[in-house]
Amino acid sequence: MREGDRAVFFDVHRTCGQCRACTVHRTPTRCPSRRVYGITDSAAEGLFGGWSQHIYLEPGVGIARLPDAVSVDDYIGGGCGLLTAVHIRERAALDPGDSVLVQGVGAVGLCAIALCRMAGASTIFAIGDPTPRLDLARRMGADHVLSLAGTTAGERLQMVRDLSNGEGVDVVIEAAGSARAVEEGVTLVRDGGRYVIAGHYTDVGPSSINAHHHINRKHLEIRGCWGSESRHFLEAIQILEEHGNVPWREIGARTYPLSGLNEALADAEAMRITKALVDPWAD
């Protein structure tokens, strides 16, 4: 890299590289020393957050040059959701021709839809709300979109089975962060299929699952997906460069100045937008 290049960085700025998670189990996302910009560091510790005009990059932080073909809006629109989706696709062990259902059409779910389409998924379902997000899900690659509020769980199950030879889909991806979504997801995946749970980054309460009916008798494989690694960061940049036709930037539908952060949070909470972007230099 040279002075003046557009630089982007991997937000996980510290793992120890020495613990069992890092070295033996090869799961650095579970390193006890893991630190993430804007999440694990408080403002009292310094410029480690994103809501500012400057940020301190520690020595050793992963930095990459943003390719000329990738706009800043596309990169930020995909954001950490795209990195997580890269990890999701890996955990899903998706094969060309697999059918997929994505629960949740926020940033992670939308990016997962796009990546599953790139991986050769035969049919992609998306469940979520509101309507503008479902419309964007179609543009990201979903074949069938189902409104969570406009359909019942029974109707969704019947529709999925009607369009999957009565079996259910090969892979279900949970990106909704809902305990109820997990209860439904295990019914939508076929016997012997795979269920990747990626949306539960906070504790939203327990889910009720019958181990006999939902897991063992179905011979179901359930995989968690926590965060992302530096290799997912680099792969995401390559995906953005090679797939500029995907409307990544539209995930971040609106940009706010620093003075508009409260409005941004309110709009995001009310689901008026999919994702709030912040331009710290805007008036």
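The values are calculated or read from the model by the stated rules, or taken from the named source; none is laboratory data. From a predicted model like this one, the values you see are computed outputs, not experimental measurements. Virtual Cβ from ideal backbone geometry, glycine too; neighbours counted across all protein chains shown. Protein only, heavy atoms only, side chains kept; ligands, DNA and RNA dropped before computing areas. Shrake-Rupley method; radii C 1.70, N 1.55, O 1.52, S 1.80 Å.
Rg and Dmax of segment 30-165, using alpha carbons, in Å: what are they?
18.3, 56
Tell me the Rg and the Dmax, in Å, that the Cα atoms of segment 124-283 produce.
Just the Cα atoms of segment 124-283 yield Rg and Dmax of 18.0, 58 Å.
With springs only between Cα atoms under 10 Å apart, run a GNM on the chain and tell me which of Thr40, Thr123, Thr255 wobbles the most.
Among Thr40, Thr123, Thr255, the largest mean-square fluctuation in the Gaussian network model of the chain belongs to Thr40.
For the pair Arg65/Arg231, report the inter-label distance in nm, with labels modelled 7 Å from Cα in the Cβ direction.
2.4
What number in nm² do you get for the chain if you take the convex hull of its Cα atoms and divide its surface by four?
16.0
Determine the share of the chain's accessible area contributed by carbon and sulfur atoms, expressed in whole percent, with a 1.4 angstrom probe.
50
Round to a whole angstrom and tell me the spacing of the C-alpha centers of segment 1-16 and segment 45-94.
Segment 1-16 and segment 45-94 have Cα centres separated by 9 Å.
For Leu157 and Glu221 in one chain, what is 0.36 nm times their gap in residues minus the Cα-Cα distance, to one decimal in nm?
Stretched fully, the Leu157-Glu221 segment lengthens by 21.1 nm.
So for the chain, averaging the separation of alpha carbon pairs under 8 Å that are six or more residues apart and normalising by length, what relative contact order in percent results?
That works out to 18 percent.
Bin width 10 Å, alpha-carbon pairs only: give the P(r) of segment 1-56 as whole percents, running from 0 to the bin holding the largest distance.
Binned Cα distances yield the sequence 22, 38, 30, 10.
Could you tell me which of Ala149, Val102, Ala92 has its Cα farthest along the dipole of segment 1-159 towards the positive end, charges placed at Cβ (Lys, Arg +1; Asp, Glu -1), taken about the Cα centre?
Farthest towards the positive end: Ala92.
Looking at the chain only, what percent of DSSP beta bridges run antiparallel? Nearest 5 please.
15
With charges only on Cβ, +1 for K and R and -1 for D and E, what is the dipole size of the chain about its Cα centre, in debye, rounded to 20?
Using only the charged Cβ atoms, the result is roughly 720 debye.
Which one of Ala7, Ser71, Pro28 has its Cα pushed farthest toward the positive end of the charge dipole of segment 1-134, where Lys and Arg give +1 and Asp and Glu give -1 at the Cβ?
It is Pro28, whose Cα lies furthest towards the positive end.
Please calculate how many Å² of accessible area the chain carries per residue, with a 1.4 Å probe and no DNA, RNA or ligand atoms counted.
Using a 1.4 Å probe on heavy atoms only, each residue of the chain averages 51 Å².
How much mean residue ellipticity at 222 nm does the chain get from its helices, if each DSSP H run of length 4 or more adds -39500 (n - 2.57) and you divide by all residues, to the nearest 500 deg cm²/dmol?
It lands at -9500 deg cm²/dmol.
Of the options Leu277, Asn262, Ile215, report the single residue whose Cα projects farthest towards the positive end of the charge dipole of segment 197-283 (beta-carbon charges: Lys, Arg +1; Asp, Glu -1).
Ile215
With viscosity set to 1.306 mPa s and temperature to 10 °C, compute the Stokes-Einstein D of segment 188-231, Rh being the Kirkwood radius across alpha carbon pairs; µm²/s, no decimals.
Taking Rh from Cα pairs, D becomes 131 µm²/s.
Quick one: if the Förster radius is 30 Å, what FRET efficiency do Thr40 and Asp135 give, using the C-beta to C-beta distance and rounding to 0.05?
0.30
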